[in-house]
1. In region 34-73, how many residues are small (Gly, Ala, Ser), at pLDDT 85 or above and outside any strand (DSSP E or B)?
2. Restricting to region 2-25, what's the tally of residues that are part of a strand (DSSP E or B) and small (Gly, Ala, Ser)?
Amino acid sequence: MLVITRREGEEVVIGDPRNPIGVVRIASIRGDRVRIAFDFPRHVQVHRKEIAEQIIEEPGPEVLAKLRPGQGGEGATAQATGTDAAPVDQAGGGGGSGATPAV
């Protein structure tokens with residue numbers, strides 16, 4: 001694991017600097033809360049860890065489509081959300097659950 005120090009407004013480039021996969025920017029720091037902005041192509045999924053774990057644990061729509069009624073057990077009708085999005089400029093800092101084209 002790489003651990004680096006960044007200040008508010010500073011960025012980390014992911015991938016080849018000439019053609020990066022994306023950029024992570026420290027949007028703001030207030031007390032013990034850090035807002036992170038992600039700039040990635042739309043096809044790159046970005047999720048908070050707890051949301052990623054839920055997606056892994058829940059059956060996806062393709063699995064649910066194959067189940068016949070009564071075979072799925074508890075939670076068989078749950079659907080994976082697929083994305084974890086919140087606008088970067090949203091006030092309040094905690095209203096969204098992460099970001100897409102915005103870890």
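The values are calculated or read from the model by the stated rules, or taken from the named source; none is laboratory data. Remember, it's a predicted structure, so these values are computed and weren't measured experimentally.
1. 1
2. 1
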